[in-house]
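For reference, the structure discussed in these notes is given below.
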Amino acid sequence: MRIKMLVSVVWAFVLALGVQSCHQPDVLPEAVRYPILFGSTDSRAVATKENLKTEGFRVHAYFKGEGAATFDQEVNYQEVNGQDIWALENTEYWIPGATYWFKAFYPKDLAVDITINDGASQSYSINDYDITTQKDIMVASPDALTVPVDGVAPNTGSVVNLAFQHLLANVTIKAKSEIDNVTVSDISLEDIAQTGNYSNGNWTSEQTVTINKLYSGEALVKNAEDFVDVTDGGFLVIPEAIGGRQKMIIRTSHKNYEVVIPVITWEPGKKYTYTLTIKQENIEFNEPGVDIWDEENATGSVVIK
């Protein structure tokens with residue numbers, strides 16, 4: 001049973017914290033209280049998971065038993081007995097017979113308006129997000145968890161599984177060259193959405209902006225077989241319909257290129273990889289490949305479990 005498997009990790013963590021919760025149940029002796037934890041045994045999507053380790057995230061919760069209450073706390077990372085563990089800043093213990101609804105947000109200082117309570121009434125909105133920060137937004141919405149009346153944690157264990165979904169899209173540009181010794185200095189996306197508002201699963205955007213990325217990599221190898229990512233992991237963009245006015249500007253040591261981005265809708269949680277081949281007089285620009293962001297996870301999400 002997962003609870004038994006986590007006993008040593010949980011109690012090592014509890015002893016390390018040495019703090020009490022204002023919500024801990026008086027009906028249980030100290031020896032059988034289990035703290036609410038968030039943890040990881042998945043090592044994939046390392047870069048994004050490393051952000052969660054170093055920066056933490058935020059959890060909003062509503063729980064209901066004989067009464068109802070909420071909490072809103074930062075969640076921070078520690079390694080305990082070789083396990084990745086994220087714990088609430090102020091410990092909360094599972095309450096027998098209570099049902100919990102959670103919603104987690106990264107970054108932890110993201111300004112959200114949220115309604116979280118029992119049943120299906122979970123909603124949130126994000127206002128005036130500025131894409132020039134190039135800060136990712138991820139949200140996790142686990143299923144409701146109920147603690148048995150005679151139990152110390154949900155049947156699935158003390159650790160809550162979180163699958164963070166990206167709310168933005170990723171645009172990556174990869175290049176190769178048919179000319180010798182060409183270097184890419186920088187790439188810009190022009191006239192894309194700058195300020196976005198998210199509500200009820202949809203983005204709306206306002207003014208536009210040009211965002212730029214410098215590339216410090218080596219010169220492209222002439223006639224190389226593989227394309228090289230010249231955006232260092234890609235641009236974060238607000239999901240929107242691209243209607244033919246937006247442009248991509250590629251500056252190289254050979255010449256500068258300006259390309260109208262083909263009509264497409266950039267959707268949240270997806271990665272759009274555009275490839276271009278630099279030729280003597282022009283570039284060959286291809287329709288993007290579209291993948292689930294963090295496809296290496298085979299889940300389209302960053303899994304914290």
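Can you pick out the pairs among 135/271; 108/135; 247/270; 108/271 whose Cα atoms lie more than 18 Å from each other?
Those over the limit are 247/270; 108/271.
Got a sec to turn the phi values of region 262-275 into Karplus ³J(HN,Hα) couplings, 6.51 cos²θ - 1.76 cosθ + 1.60 with θ = phi - 60°, whole Hz, x for Gly and Pro?
x, 4, 6, 10, 7, 9, x, x, 10, 10, 10, 10, 9, 10
Could you please state, rounded to a whole Å, how far the C-alpha centre of region 234-277 is from the C-alpha centre of region 63-111?
Result: 39 Å between the Cα centres.
Could you state how much accessible area residue 109 has, in square angstrom rounded to the nearest 10, with a 1.4 Å probe and all protein chains kept in place?
130
So for each of 254-260, 199-205 I average, over its residues, the number of other beta carbons within 10 Å; can you give me the resulting order with the highest mean first?
Ranking, from highest mean packing down: 254-260, 199-205.
Expressed as a whole number of Å, what is the distance separating the alpha-carbon centroids of region 159-193 and region 134-151?
Answer, in whole Å: 30.
Whole-Hz Karplus ³J(HN,Hα) for region 132-139, in order, using 6.51 cos²θ - 1.76 cosθ + 1.60 and θ = phi - 60°, x for Gly and Pro?
5, 6, 6, 9, 5, 10, 10, 9
Leaving out ligands and nucleic acids, and using a 1.4 Å probe, what accessible area per residue does region 173-277 come to in Å²?
47
What FRET efficiency do you get for residue 218 and residue 55 if R0 is 30 Å and r is their Cβ-Cβ distance, rounded to the nearest 0.05? Don't skip to the end; give the middle numbers.
On the way: r = 31 Å, r/R0 = 1.02.
The calculated FRET efficiency here is 0.45.
The values are calculated or read from the model by the stated rules, or taken from the named source; none is laboratory data. Quick caveat: nothing in here was measured; it's all calculated off a predicted structure. Glycine also receives a Cβ, built like all others from the backbone with ideal geometry; neighbour counts cover every protein chain displayed. These accessible areas exclude ligands, DNA and RNA; they are computed on the full protein's heavy atoms, side chains included. Shrake-Rupley method; radii C 1.70, N 1.55, O 1.52, S 1.80 Å.
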